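**Student:** Before anything else, here's the structure in question.
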Amino acid sequence: MNLNRSVSIAAIAILSGLFAESAMAQAAENNLVTFGVSYLSFNSSVGGLNSTGSNPAEAGAFNAINNSLGTTAAWAENTEQVTFSLLHMFTDHVAGEVVLGVPPTVHVALQIPGAGVAYQNTVPTQYPEGASSKPWTPTLFLKYLFNDPKDKFRPYLGIGASFATFKNVTVQNVTLLETLGGGGAQLSSSWNAVGTAGVIFNINDRWSVMASASYMPLKTTATFISGSGATTTSGVLKLDPTICNISAGYNF
């Protein structure tokens, strides 16, 4: 074999390797790290409140207030969140992903119906920022990517689980909330299922952009502690966010 032919064969092999690499953005054993922004839209509600504690008289008075409140409406204000993720391809189509986000401050507005209670008028009373918290929701996904690794567009579906914890829980300093939660408030941690659908657009072998929509039926128990510390008032708060994300990714 002469030198020119050897050089030609080597050049063809190198170009073939480069082409194969550029055509296999999300192939088995590859990874994809992303940075993006999510928009969280909440579908919120709060259940009935119940008070218990070591002071029967205080708990009874609080339950009288709870029963008089009727249907209390609650809704979380929509917000944005910065996100990061790492996706690992187990095969050309099956992947696992961990998603982390910078916890946003979520404000929960309350509307308490008018019922002649001493703490309100006979018309609904609104507290635009009745409570707030910073939710942490790290999420693990199992995803199935359609099409082939060489394709520009790769739609996907995924299911996962998220463990939600809530930090910096505060309640607004208004009469009713101060009465029920003058000693503080907390939101319970919980595991929640997540479903997602999206698409990856491969710009080249290294860079991608992604868009997705996810839904999480998220609920937590809200607990208010009275100023005396003797009574706790609790109820189920549902947030149920729809999460729309757009991000940029690097394949390696």
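The values are calculated or read from the model by the stated rules, or taken from the named source; none is laboratory data. These figures come from a predicted structure and were not determined experimentally. When we count neighbours, we look across all protein chains shown, and the Cβ atoms used for this are built from the backbone with ideal geometry, even at glycine.
**Student:** Test S226 against the stated conditions and say whether it is crowded, with 20+ Cβ neighbours inside 10 Å, over 25 Å from G130 (Cα atoms) and not hydrophobic (A, V, I, L, M, F, W, C).
**Tutor:** For S226, the condition - crowded, with 20+ Cβ neighbours inside 10 Å, over 25 Å from G130 (Cα atoms) and not hydrophobic (A, V, I, L, M, F, W, C) - is not met.
**Student:** Has segment 48-61 got any residue that is of a type in the set (D, E) and either modelled with pLDDT under 70 or loosely packed, with under 15 Cβ neighbours inside 10 Å (or both)?
**Tutor:** Yes: segment 48-61 contains one or more residues that are of a type in the set (D, E) and either modelled with pLDDT under 70 or loosely packed, with under 15 Cβ neighbours inside 10 Å (or both).
**Student:** Go through segment 134-157 residue by residue and tally those that are of a type outside the set (V, I, T) and within 21 Å of V194 (Cα to Cα).
**Tutor:** The number of residues fulfilling the criteria is 15.
**Student:** Separate question: What residue, of M216, M210, is modelled with pLDDT of 90 or more, touching a Gly at 6+ places or on another chain (Cβ under 7 Å) and among the aliphatic types (A, V, I, L, M)?
**Tutor:** M210
**Student:** Which of the following residues is modelled with pLDDT under 75, more than 25 Å from K219 (Cα to Cα), surrounded by 15 or more Cβ atoms within 10 Å (Cβ to Cβ) and β-branched (V, I, T): V117, V123?
**Tutor:** That would be V117, the only listed residue that is modelled with pLDDT under 75, more than 25 Å from K219 (Cα to Cα), surrounded by 15 or more Cβ atoms within 10 Å (Cβ to Cβ) and β-branched (V, I, T).
**Student:** For segment 183-205: of the residues being more than 19 Å from L237 (Cα to Cα) and not in a strand (DSSP E or B), which is modelled with the lowest pLDDT?
**Tutor:** G183
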